1. Set the Förster distance to 30 Å, then compute FRET efficiency between A184 and E129 from the Cβ-Cβ distance, nearest 0.05.
2. If I build a Gaussian network model for the chain, linking alpha-carbon pairs within less than 10 angstrom, which residue out of F83, F150, F141 has the largest mean-square fluctuation?
3. Return the equivalent ellipsoid semi-axes of the chain as a descending list in whole Å, where each equals the square root of 5 times an eigenvalue of the C-alpha gyration tensor.
4. In a solvent-free Debye calculation with one equal scatterer on each Cα, what is log10 I(q)/I(0) for the range 1-159 at q = 0.15, 0.20 Å⁻¹, listed in the order of the q values?
5. If we count every other residue with Cβ under 15 angstrom of N244's Cβ, Lys/Arg +1 and Asp/Glu -1, where does the sum land?
6. Averaging over every viewing direction, what projected area does the convex hull of the Cα atoms of the range 13-77 cover, in nm²?
7. Select from D13, D88, D38 the residue whose mean-square fluctuation is largest in a Gaussian network model of the chain (Cα-Cα springs shorter than 10 Å).
8. Hey, what number do you get for the chain at 222 nm if only DSSP H runs of n ≥ 4 count, each worth -39500 (n - 2.57), divided across all residues, to the nearest 500?
Amino acid sequence: MEWLTAYKLPIGDSAEAIVDWLKTNGAGFFDSLASALDTLIDAVLWLLQSPPPIVLIVIFVALTWALQKSWKKCLIVALGMLFILNQDYWEDTTETLSLILVSCIVCMGIGVPLGILAARKRWVYSGLEPVLDLMQTLPTFVYLIPAVIFFGLGAVPGLIATVIFALPASIRLTYLGIASTPTALSEAATAFGATPMQRLWKVELPSAFPQIMVGLNQTIMLSLSMVVIATLVGAGGLGTPVLNGLNRMKPDLGFESGFVIVALATVLRVMLEVRKESTQ
């Protein structure tokens, strides 16, 4: 089979050429984007770290009550946050949480409009689908390399890798929600003279809201699964003690930080879980 490998497709060379061209011609853009994302991450981190931990716990419990109207879920959130505080991982948790929140802002800000467009124009989704598959199946370390080249070490390349990995969930579920709007509802709105924009805001988005919320939930979970990878490029957060536990072969450190990550995931899932009455 040497004759086949002799005519190897230049995928690696092409990728290197594209990265070099972008690095040479897009330095200003990447520097501006990195500065903007750094500012946003720092602002969210300041909001999370400025108040005393107990105040932030109360805010999280209040948000859970406003969203879920369930004292049991409020209790789960309170216990989860108190467990994180008890294990002395509060600062690491807020660093990870700031990265997750910013990635959700970016993912939902891009994913929801793209999902709506894909549902309105099916050919757009046909073109997006292989790209979304590639984003989710390509090993994260592969696109972490150009992220570090363009943005250097720190939270920003970790954020970029997280967004690439989590973005398909928001696009797919928004598309599914809008495309699944009952035809009778859309036809009734059109018959009553609704414009396409009015139909979107008053019929399609309310109908798709549970799916969009599931997309947000999945985006958060996928973002949280990236904390260790983000730490490899200097993002900090809960991935740092996990890596330290691995490098120093300290199971206590690994299990502590691992259970803290599970607690944070549980808190976020419970807070944003779609209420059953919302789907009726």
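Every number here is computed from the coordinates shown, using simple stated rules; none is lab data. Keep in mind the model is a prediction, meaning the values are calculated, not measured. When we count neighbours, we look across all protein chains shown, and the Cβ atoms used for this are built from the backbone with ideal geometry, even at glycine.
1. 0.65
2. F141
3. 32, 31, 17
4. Each listed q corresponds, in turn, to -1.07, -1.31.
5. Its environment carries a net charge of -4.
6. Mean orientational projected area (the range 13-77, Cα hull): 7.6 nm².
7. So, out of D13, D88, D38, the one fluctuating most is D13.
8. That comes out to -26500 deg cm²/dmol.
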